[in-house]
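These notes are about the structure you will find just below.
The values are calculated or read from the model by the stated rules, or taken from the named source; none is laboratory data. Keep in mind it's a predicted model, so treat the numbers as computed, not measured. Here the Cβ is made from the backbone with ideal geometry for all residues, glycine too, and neighbour counts use every protein chain on show. Surface areas here come from the heavy atoms of the whole protein model, side chains and all, with no ligands, DNA or RNA. Shrake-Rupley method; radii C 1.70, N 1.55, O 1.52, S 1.80 Å.
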Amino acid sequence: MEKTFLMVKPDGVQRNLIGEIVNRFEKKGFKLVGAKLMKVSEDLAKNHYAEHKERPFFGELVDFITSGPVFAMVWEGEKVISTAREMMGKTNPLEAAPGTVRGDFGITVGKNVIHGSDSPESSEREIGLFFNESEITTYDKQD
Ligand code: CMP
């Protein structure tokens, strides 16, 4: 079954949006298989955002994601990677459709509430960066 990595960013945690965001993915029917409230270290941030390291805003990205607790999650379900991206909305919240997380709760591209893996490769990489195998559960007997 497909898995994706989602993270409520420091702005979303500070604005008490964890419950609202978890609720949307639970109600959709996806299964939460891993979750933790944590601070992102500078090393983890640089690794996570490695593909953006030549961008002018890389420093801001690292500063922001390490600025306060994040809520890191692993979600499972059919087509969860692309569907979660649709539910999150476009990266720039001002361009994100109403009804999406960013469309409903954000206005700035840096503080855009949530991160989600954009492909099976990034999902596997990001889950591996944030979670040990022992931190990911299964619902084998309840499916
Ligand atoms: P995310 O999906 O976490 O992955 C990369 C992040 O870069 C993206 O969300 C945005 O929050 C951030 N980002 C993209 N463009 C800009 C920009 N012009 N200035 C600051 N941050 C940006």
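Just name the residue that is farthest from Val22 (Cα to Cα) out of those in the range 119-141 that are of a type in the set (D, E, K, R) and crowded, with 16+ Cβ neighbours inside 10 Å.
Arg125
Determine whether the range 19-38 contains at least one residue that is out of contact with any helix residue (DSSP H, G or I) (no Cβ under 6 Å at 6 or more places or on another chain), small (Gly, Ala, Ser), under 21 Å from Phe105 (Cα atoms) and touching a residue at least 40 places away in the same chain (Cβ under 8 Å).
no
Taking into account only those residues within the range 37-53 that are of a type in the set (Gly, Ala, Ser) and in contact with a Ser or Thr (Cβ under 8 Å, 6 or more places away or on another chain), which is surrounded by the most Cβ atoms within 10 Å (Cβ to Cβ)?
The residue in question is Ala45.
Give me the pairs: first residue in the range 75-95 and closer than 14 Å to Met1 by Cα and acidic (Asp, Glu), second residue open to solvent by less than 100 Å² (accessible area, probe 1.4 Å) and part of a loop (DSSP other than H, G, I, E, B), beta-carbon distance under 8 Å, and six or more apart or on different chains, which are they?
Glu76/Glu2; Glu76/Phe30; Glu78/Glu2
Among the residues of the range 68-85, is any aromatic (Phe, Trp, Tyr), within 20 Å of Ser134 (Cα to Cα) and in contact with a strand residue (DSSP E or B) (Cβ under 8 Å, 6 or more places away or on another chain)?
Scanning the range 68-85, I find at least one residue that is aromatic (Phe, Trp, Tyr), within 20 Å of Ser134 (Cα to Cα) and in contact with a strand residue (DSSP E or B) (Cβ under 8 Å, 6 or more places away or on another chain), so the answer is yes.
Residues to consider are Gly12, Gly19, Gly34; find the one that is surrounded by fewer than 17 Cβ atoms within 10 Å (Cβ to Cβ) and either away from the ligand (no atom under 16 Å from the Cβ) or not basic (Lys, Arg) (or both).
Gly19
Give me the helices (runs of 4 or more DSSP H) completely within the range 46-127, filtered to those with at least 2 residues that are within 8 Å of the ligand (Cβ to nearest atom), ordered by residue number.
Correct list: 58-65.
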